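J.: Please read through the structure below; I'll follow up with questions.
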Amino acid sequence: SIDNILRNKAEQELLKYCDQDLFQIFTQLCNMISEESTPNTVCLFIGTFIKHIFSTNKYISIWNTFSQEQISLIKNSFLSNLASEKSQIKKTCSLAIAAMAKVEIPKGWNIIDVICKASVHENINYKITSLKTLQNTLDFIGNDILKPYDKQSILGSLTSNMCTNESVEVLNEAIIGFSKIIPFVEDNFKNEKERVF
C-alpha cells in the first residue's frame with residue numbers, strides 16, 4: 001500500500017504471524033515469488049521483508065530451528081527463480097539469497113561457489129543476475145565469513161566477466177563486484193604471508 005499507516009499496520013500483523021509460524025510465512029512468500037503475475041510492488045516488499053527477517057536475531061534463531069529439508073526447500077525456491085523472465089522477481093530472489101547467505105555460509109552453504117559458476121553461464125541474463133547476487137551477498141556478509149577459496153572464486157569469476165567483451169552491462173556488473181570484493185581482499189595483500197592469495 002502507498003498508505004504508510006495501512007502498510008505499517010499490515011507489516012506488524014505479518015510479523016505476528018512470523019512469531020507464530022515463520023516457516024509458513026516463508027512458504028507463502030516462496031509461492032508468491034514463483035508466480036510471474038505477482039505485482040512488482042509485492043515482489044519488492046518480499047525482498048525487503050526477507051532482508052528484515054535475516055537482520056533480526058529473533059527470526060534468525062527461529063530460522064535455525066528449521067529442519068535441513070525446510071531450509072533446502074526455501075533456498076531452492078529462491079535459487080530457481082533467479083532465472084525468471086521478470087526482473088523484479090530476480091531482484092527479490094537475489095536479495096533473499098544474499099540475506100540467507102549471512103546465516104547459512106557459516107553452516108557450510110556453498111552459495112558463493114554456486115553463484116560464481118552461474119556468473120559465467122552462457123545465458124547473459126542469468127549471468128547478470130548472478131553478478132548482482134554476488135554483489136548483494138558481499139553487501140550482507142562480513143569479511144570473517146568468506147574463506148580464502150571463496151575470495152579466489154569471486155575474483156576469478158569477476159575477472160573472467162571483465163575479459164569477455166560480451167556486453168557493457170556484464171562489464172559494469174563485474175566492475176561493481178570488484179569494488180565490493182576489494183575490502184575483503186586488501187588485508188591479504190598487506191599480510192606478507194598471504195600475498196600469494
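J.: Hey, can you tell me all the residues within the range 55-83 that are open to solvent by 30 Å² or more (accessible area, probe 1.4 Å), within 18 Å of Ile115 (Cα to Cα) and among the small types (Gly, Ala, Ser)?
T.: Ser72, Ser80, Ala83 - these are the residues of the range 55-83 that are open to solvent by 30 Å² or more (accessible area, probe 1.4 Å), within 18 Å of Ile115 (Cα to Cα) and among the small types (Gly, Ala, Ser).
J.: Do we have Ile105 as modelled with pLDDT of 90 or more, in contact with a helix residue (DSSP H, G or I) (Cβ under 6 Å, 6 or more places away or on another chain) and hydrophobic (A, V, I, L, M, F, W, C) here?
T.: Spelling it out, it is not the case that Ile105 is modelled with pLDDT of 90 or more, in contact with a helix residue (DSSP H, G or I) (Cβ under 6 Å, 6 or more places away or on another chain) and hydrophobic (A, V, I, L, M, F, W, C).
J.: Still on this model: Take the residues of the range 160-178 that are of a type in the set (A, V, I, L, M, F, W, C), part of a helix (DSSP H, G or I) and open to solvent by 60 Å² or more (accessible area, probe 1.4 Å): which is nearest to Lys117 (Cα to Cα)?
T.: Met162
J.: The conditions are (1) open to solvent by less than 70 Å² (accessible area, probe 1.4 Å); (2) in a helix (DSSP H, G or I); (3) free of Cβ contacts under 8 Å to residues at least 60 places away in the same chain, and Thr38 fails exactly one of them. Which is it?
T.: Unmet for Thr38, out of (1) open to solvent by less than 70 Å² (accessible area, probe 1.4 Å); (2) in a helix (DSSP H, G or I); (3) free of Cβ contacts under 8 Å to residues at least 60 places away in the same chain: (2).
J.: Exactly one condition in (1) charged (D, E, K, R); (2) farther than 25 Å from Lys117 by Cβ; (3) in a helix (DSSP H, G or I) is not met by Lys51; state its number.
T.: (2)
J.: Can you tell me which residue within the range 1-29, out of those that are closer than 16 Å to Thr56 by Cα and open to solvent by 60 Å² or more (accessible area, probe 1.4 Å), is modelled with the lowest pLDDT?
T.: From the range 1-29, those closer than 16 Å to Thr56 by Cα are 11-12, 14-23, 25-26; that's our starting set.
Those still in the list that are open to solvent by 60 Å² or more (accessible area, probe 1.4 Å) too: 12, 16-17, 19-21.
Details: Gln12: 87, Lys16: 90, Tyr17: 90, Asp19: 90, Gln20: 91, Asp21: 93.
Only one residue fits best here, namely Gln12.
The values are calculated or read from the model by the stated rules, or taken from the named source; none is laboratory data. Quick caveat, the model's predicted, so the values are computed rather than measured. Note that each Cβ is placed from the backbone with ideal geometry, even for glycine, and that neighbours are counted across all protein chains shown. For accessibility, only protein heavy atoms count, side chains too; no ligands or nucleic acids. Shrake-Rupley method; radii C 1.70, N 1.55, O 1.52, S 1.80 Å.
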